[in-house]
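Shown next, in structure tokens, is the structure this report addresses.
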Amino acid sequence: MVSSSRYSVYGKKSVDSEDIPDEMIQFAEDCCKVYNPHDVFVMDVALKRDNFYIIECNCFNDSGFYDHDIGEIVKSINNYMRERN
């Protein structure tokens, strides 16, 4: 995982990358060990009634950047592609 960002709270737009719970990041990383649809993809995760759920996984090129560190994302993908080839 390279970056994370919240984009809503209780159905209202609320963009921030500073308060993502460590448990949510761990949940997403654990899910990626089980389901990994592509080398580079995005995963939307929600918290509902004290449980985390995957809302959707999408291709990277159709994702919103919200409050993500775009420079770090691009750098990480470039490094990954160089190492892969």
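Confirm whether E72 is charged (D, E, K, R), assigned to a helix (DSSP H, G or I) and within 14 Å of the chain's Cα centre (by Cα).
Taking the combined requirement at face value, the residue satisfies it.
Quick check on this structure: which one of F27, F41 is surrounded by 10 or more Cβ atoms within 10 Å (Cβ to Cβ), farther than 20 Å from I70 by Cβ and touching a strand residue (DSSP E or B) at 6+ places or on another chain (Cβ under 6 Å)?
F27
Given (1) loosely packed, with under 14 Cβ neighbours inside 10 Å; (2) touching a residue at least 12 places away in the same chain (Cβ under 8 Å), where does K12 come up short, assuming only one miss?
(2) is the only condition that K12 fails.
Let me spell it out: the conditions are (1) under 17 Å from V9 (Cα atoms); (2) surrounded by fewer than 10 Cβ atoms within 10 Å (Cβ to Cβ); (3) not acidic (D, E), and I54 meets all of them except one. Which number is the exception?
Of (1) under 17 Å from V9 (Cα atoms); (2) surrounded by fewer than 10 Cβ atoms within 10 Å (Cβ to Cβ); (3) not acidic (D, E), only one is false for I54: (2).
Per-residue answers, yes or no, for (1) without any contact (Cβ under 8 Å) to a residue 60 or more places away in the chain; (2) closer than 18 Å to S5 by Cα:
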| residue | (1), (2) |
| --- | --- |
| N36 | yes, no |
| Y53 | yes, yes |
| N58 | yes, yes |
| S63 | yes, yes |
| D67 | no, yes |
| R82 | yes, no |
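Just a yes or no: is a residue in the range 75-84 surrounded by 11 or more Cβ atoms within 10 Å (Cβ to Cβ), in contact with a strand residue (DSSP E or B) (Cβ under 8 Å, 6 or more places away or on another chain) and either at negative phi or not in a helix (DSSP H, G or I) (or both)?
no
Looking at the range 40-60, is at least one residue at pLDDT below 95, out of contact with any Gly (no Cβ under 8 Å at 6 or more places or on another chain), in a helix (DSSP H, G or I) and not aliphatic (A, V, I, L, M)?
yes
The values are calculated or read from the model by the stated rules, or taken from the named source; none is laboratory data. Quick caveat, the model's predicted, so the values are computed rather than measured. Note: ideal-geometry Cβ built from the backbone for every residue, glycine included; neighbour counts use all protein chains shown.
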